[in-house]
Amino acid sequence: MCSPALRYLILLSISAWIPAGVMAAPASGSVHPGTWQIVGPARALPTLYRPTGLAVDPRGDVYVADSGNFRIVELGPGGQLLAHFGDAYLRPGTGTAPSPGGQYELGAQSVTVNAAGTVFVADPIHHAIRVFSPQHRLVGSWLISVPGATVVQLAVAIGPHNSVVVAIDARVNCTVRLGPSYCATYYVIQRRSQAGTLLGQFHSPIGPSGQEVSPQVISHIAVAVANRGEIYVVTGGMEACYKDCLSFHFLIEHAPGGKVLGHWGKRELDVSANWPAIAIGGRGNIFLVDDYNHRIEKRTAGGAVVARRPTGSIFPTSPLCSGTPYADGCREPVGVAVDRNGNLYVSDPGSDRILKLSSRGRLLAQWGAGGAQTGRLWFPGSLALDAGRRLWVDDSVNSRVQMLGTDGRFHVQFAVPHAGSAMALDRQGNLYIGQLLGQSVVISTFSPAGKLLARWGGLHLAELPSGIAIAPNGDVFVVGFLIFRDASQLNMNGVDILRLDPKGRQLGLIHVSSADPRSGIAVDAQENSYIAYGATPHVEKYSVGGALLATWGAPKPSFDASAPSPAGITLDGAGNLYVASTPQNVIDEFGPTGTLLGSWGSPGSYAGQFHEPSGIAVDPAGTIYVADTGNHRIQRRDPAIRH
């Protein structure tokens, strides 16, 4: 999920029909035909997407800024879902000004709660602090502005006497000598009353006049307040410069009036640490999240390091992030909170989970939709249904295949290291999947029990295939990027549809494009093959001999390696085509001639909403199964009753 093409795509608004504060009913036994339900253990847990800020109230309830879903999630001390709210106000709305540099693909990333249960949320999209009652009703909105500057990011904390402290990342234009024009940032700290009245403010030493030769460009900011009123600000980013730019990460302690009492951290050419979040324990200890080194730092009130506790062994990391630990979407823990017993709560957008750690760093609990336990999924890829209506799932980051009953209960799993996203089943229930073994891409066949039956190499595949389908007669169709060394086939380099017999011998080849559309593939009873690609799906139908029979959907796109494409495509018994349109977070159904019959979904994590849907399957009864990849779960839609 960390590749440029698929990294947390198009986080648009959640559908307006879901009222703020209303909880989605968990999927259970009786579901109306034509409605979506979540399959498997994920339905009993909160589905988070890019969770960031955290807060703990006196009862031990945990509030999570579920930034990718533009909402606040409230969890009980044991991790049970109590409520989610705020999405009607925190999501981007019509007329929202575009953010500088695309900063606001995510929603609120800072949340705090006072002793009375009032929740304060920093809403950078709308430059406001949102105030919610203990019953989760919006009771206040404070617009935040800084004269002569643009508000870029916000953070919020509770101060002494129930005051509210707001940290503001403000941006002004400036010019670096002998260099290009940059936008410099500095931070402003405001103290406000419970009603939002401004009580006082101060700004960091790097102010709007740009006192330093190389002003700082802040990429993140967080704030916490100690019992005696000292304000701790943690910030980091890059220096604006012409070349050889320095990075920085600072922890700064201020007196309530703004005087700097302490300053820790450093500037450096190479990033060695990054602190996007801060929390203060009951004894005044400071906890910092270091998302570069995947650890939690514990410091005294004077800034001295007491302990560094790694979290790398706890948080799973997508293989796509291998070698790029600091790439967008690949960063690990970014939020931290501490309760009165000293337990730590850590949020990690890479794993979409919340972890609860003891004061000594022992893992006590983990909550969220992803996971490595049996029946849990981690970036599910392709799906396939066998004759018994059992669901096979490419559990990609867990490097395994799982078989679930249609009720979502776990039945079988077996390891498939270095597997790709393409998978298919034949009529005997044997599974076909692409694997990267050393420098070679192969198609491997496993029995339903996980026994390796065959492995086909030498297929000219330059990378893992994007789609595999099995024809009714047992022929195997593979779509992927092929490279041929034979000069007579140079014009076939690129994306091709490869037709193999059940023993892996090549029967035919259809050249699609010299670019890489990254489509799945479906095959009908006549062995016609279908692929779909482009940010808005463009569908092509080819005969078994390679003739282009039909196209529909959006116009054929110009190829862009960074542009996402639909990841899943399948056919039902009537010849209708279903496309999991990854960029749009919708499922489209087309008739045999290309007529759009139905479309379902929107971005989000409620039942019937999707984040990066990929694999898709339809059983003989018309039930649709979708690998809701970004939400680490499977969704099912039983067929509607048609009159």
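Give the peptides 543-551, 602-610 in descending order of average Cβ contacts within 10 Å, highest first. Write out the running numbers ahead of the final one.
Values: 543-551: 12.6, 602-610: 23.4.
Those peptides, ordered most packed to least, come out 602-610, 543-551.
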Original post:
In terms of Cα to Cα distance under 28 Å, which lysines are near enough to residue 451, apart from those fewer than 8 places away along the same chain?
Top reply: 503
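Could you order the peptides 71-79, 412-420, 266-274, 626-634 from most to least packed, using the average number of other C-beta atoms within 10 Å per residue? Please list the in-between numbers first.
Working: 71-79: 20.6, 412-420: 16.8, 266-274: 13.0, 626-634: 28.0.
Top of the packing list down: 626-634, 71-79, 412-420, 266-274.
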Subject >> Long-range amide H partners of residue 632 with built H, under 5 Å >> reply: 379
**OP:** Tally up the carbon and sulfur contribution to the accessible surface of the stretch 381-539 as a whole percent, 1.4 Å probe, everything protein left in place.
**Re:** 49 percent
Subject >> Estimated vicinal HN-Hα couplings, Hz - the stretch 59-75 in sequence order (Karplus 6.51, -1.76, 1.60; Gly, Pro = x) >> reply: 7, x, 5, 10, 10, 10, 7, 7, 5, x, 9, 6, 7, 10, 10, 9, 10
Original post:
Say R0 is 22 Å: what FRET efficiency, to the nearest 0.05, do residue 374 and residue 44 get from their beta-carbon distance?
Top reply: 0.90
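Rank 406, 311 by accessible area, highest first, at a 1.4 Å probe radius?
406, 311
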Subject >> Accessible surface of residue 158 - all protein chains present, 1.4 Å probe, nearest 10 Å² >> reply: 40 Å²
**OP:** Quick one: accessible surface of residue 238, probe radius 1.4 Å, all protein chains present, in square angstrom to the nearest 10.
**Re:** 90 Å²
Subject >> Karplus 3J(HN,Hα) series, Hz, for the stretch 545-550 with 6.51 cos²θ - 1.76 cosθ + 1.60 (x for Gly, Pro) >> reply: x, x, 6, 6, 8, 6
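How do 541, 556 stack up against each other in accessible area, from largest to smallest, with a 1.4 angstrom probe? If you can, show how the numbers build up before the last one.
Values: 541 40, 556 110 Å².
Reading off the accessible areas and sorting them downward yields 556, 541.
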Original post:
Along the stretch 348-357, what does the Karplus equation 6.51 cos²θ - 1.76 cosθ + 1.60 (θ = phi - 60°) give for ³J(HN,Hα), rounded to whole Hz, x for Gly and Pro?
Top reply: 9, x, x, 10, 6, 9, 10, 10, 10, 10
Subject >> For the stretch 519-643, alpha-carbon Rg over 2.2 N^0.38 Å >> reply: 1.02
Subject >> Estimated distance in nm for a label pair at residue 596 and residue 115, the labels positioned 7 Å out from Cα along Cα-to-Cβ >> reply: 5.6 nm
**OP:** Figure the gain on full extension for residue 491 and residue 550 (residue separation times 0.36 nm, minus the Cα-Cα span) and round it to one decimal in nm.
**Re:** 19.0 nm
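Rolling a 1.4 angstrom probe over the protein heavy atoms, how many square angstrom per residue are accessible across the stretch 498-643?
Details: 5340 Å² over 146 residues.
Using a 1.4 Å probe on heavy atoms only, each residue of the stretch 498-643 averages 37 Å².
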**OP:** Quote the accessible area belonging to residue 249 in square angstrom, nearest 10, computed with a 1.4 Å probe and with ligands, DNA and RNA left uncounted.
**Re:** 10 Å²
Original post:
Measuring from centroid to centroid over Cα atoms, what is the spacing of the stretch 376-403 and the stretch 237-282 in Å?
Top reply: 44 Å
Subject >> Two-site label geometry, residue 266 and residue 387: point separation in nm, points 7 Å out along Cα→Cβ >> reply: 6.7 nm
Original post:
With each label point set 7 Å from Cα along the Cα-Cβ vector, what nm distance links residue 437 and residue 455?
Top reply: 0.2 nm
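Using mean Cβ contacts within 10 Å as the protection proxy, how do 595-601, 566-572 order, highest first? Can you show the working numbers first?
Details: 595-601: 14.1, 566-572: 26.1.
Result, highest mean first: 566-572, 595-601.
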Original post:
Taking residue 356 as the anchor, which lysines have their alpha carbon closer than 18 Å to its alpha carbon, excluding any fewer than eight residues away along the same chain?
Top reply: 298
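The values are calculated or read from the model by the stated rules, or taken from the named source; none is laboratory data. Here the structure is a predicted model, which means the values were calculated and not measured. Every residue, glycine as well, gets a Cβ built from its backbone with ideal geometry; the counts of neighbours run over all protein chains shown. Surface accessibility is based on the protein's heavy atoms, side chains included, excluding ligands, DNA and RNA. Shrake-Rupley method; radii C 1.70, N 1.55, O 1.52, S 1.80 Å.
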